[in-house]
Amino acid sequence: MLAILGVAVWVRILSGHGGLWVDEAWSAVLVAKAGTPWAVFRSINHDNNHHLNSLWMQAVGYAAPPLALRALSIVTGGATVLVVAAIGARRSTAHALVGAALFALSPILVNYGSEARGYAPMLLCALGAILVTARWLDDPATSPRHAPRLLALLTILGLLSQLTMLFFVVAIAAWVALTLRQGFPPGRPPR
C-alpha cells in the first residue's frame, strides 16, 4: 500500500510541474484582488472560487511557485488513495489494493490531484463521507459516537472545497434513506 501511495504522490508532483493553467491563474488573480481571507468568502462571487483552495493560495502567496500552489491538491489527492483503500478493505485486501491503484493512476484523478483547484480536497471529503456512512450503516451501535460530527465536518469542508460536493451529499442522504427503509418495515422506527 505504501508503494501505491508513493506512486500516487509522485505522479501528482510530476503532473504539478509547469506553469499555472488558465483556471488556476484566474483563481490566483481573484485571490490577489481579494486580499484577505474574509474577502475570499465575501467578495469573490464567482464559480472559479474554490474557497479552501483560495485560502491556500493566500496562505502560500498567490505568486508562489506553481508546485506550492498545487500542494493542497497533491496532498489531498494522495490521501484520497488511502481512503479508497480503506473503503476497498471493507471487502478484501485485493479490493483495497486494486481500488487504490486505480485512483493512484487514473488520468483524471491525477489531473485533479495536481492542479490548484478544489476538486481533490472535495473528492477526499466525499470519499471520507462515504466511508464514515458505510461504517455507520453496517452497525450503528458500534459506530464511533463522533461519526455524525465527522460526517458534518467532511460535508462542510467538501462544500468549501468545491460546491459540486452537494451532489455527493444528496447521493449519500438517498443511500442512507434507502438503506434504512429496506432494513425496517414502514411505520416501525429503528431501535
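The values are calculated or read from the model by the stated rules, or taken from the named source; none is laboratory data. Everything quoted here is computed from the prediction, not taken from an experiment. All Cβ positions, glycine included, derive from the backbone under ideal geometry; neighbour counts span all protein chains shown. For the accessible areas, the whole protein counts, side chains as well, though only heavy atoms, and no ligand, DNA or RNA atoms are used. Shrake-Rupley method; radii C 1.70, N 1.55, O 1.52, S 1.80 Å.
With every protein chain in place and a 1.4 angstrom probe, the accessible-area ranking of Val9, Val83, Val22, largest first, reads Val22, Val9, Val83.
To put it simply, the accessible area of the chain at a 1.4 Å probe is 71 percent carbon and sulfur. Simple rule: put +1 on each Lys or Arg Cβ and -1 on each Asp or Glu Cβ in the range 8-155, find the dipole, and look at Leu102, Phe41, Ala85; the Cα lying farthest toward the positive end is Ala85.
Could you tell me the relative contact order of the range 48-178? Use alpha-carbon pairs under 8 Å, at least six residues apart, and round to a whole percent.
Working: 156 pairs, mean separation 36.2, N = 131.
It comes to 28 percent, rounded to a whole number.
Computed over every Cα-Cα pair of the chain and binned at 10 Å starting from 0, the pair-distance distribution P(r) comes out as 10, 31, 32, 18, 7, 2 percent. Taking 0.36 nm per residue of separation and subtracting the Cα-Cα distance, full extension of the segment from Thr93 to Leu105 would add 2.5 nm.
Give me the compactness ratio for the range 19-94, meaning the Cα radius of gyration over 2.2 N^0.38 Å. Intermediate values should be presented prior to the final figure.
Working: Rg = 15.7 Å, N = 76, 2.2 N^0.38 = 11.4 Å.
So the Cα radius of gyration is 1.38 times the expected 2.2 N^0.38 Å.
What shape does the range 100-156 have by the C-alpha gyration tensor, where a ≥ b ≥ c are the square roots of the eigenvalues, rounded means a/c under 1.5, and otherwise prolate means a/b greater than b/c and oblate the rest?
Details: a/c = 4.86, a/b = 1.98, b/c = 2.46.
Verdict is oblate for the range 100-156.
Here the chain is treated with +1 on each Lys and Arg Cβ and -1 on each Asp and Glu Cβ, and its dipole about the Cα centre works out to around 580 debye. Helix-only arithmetic for the chain: the sum of -39500 (n - 2.57) across DSSP H runs with n ≥ 4, divided by the residue total, places the mean residue ellipticity at 222 nm at -23000 deg cm²/dmol.
With everything on Cα atoms, drop me the angle between helix 71-89 and the longest principal axis of the chain, reported from 0 to 90° to the nearest 10. Tilt relative to the chain: about 20 degrees.
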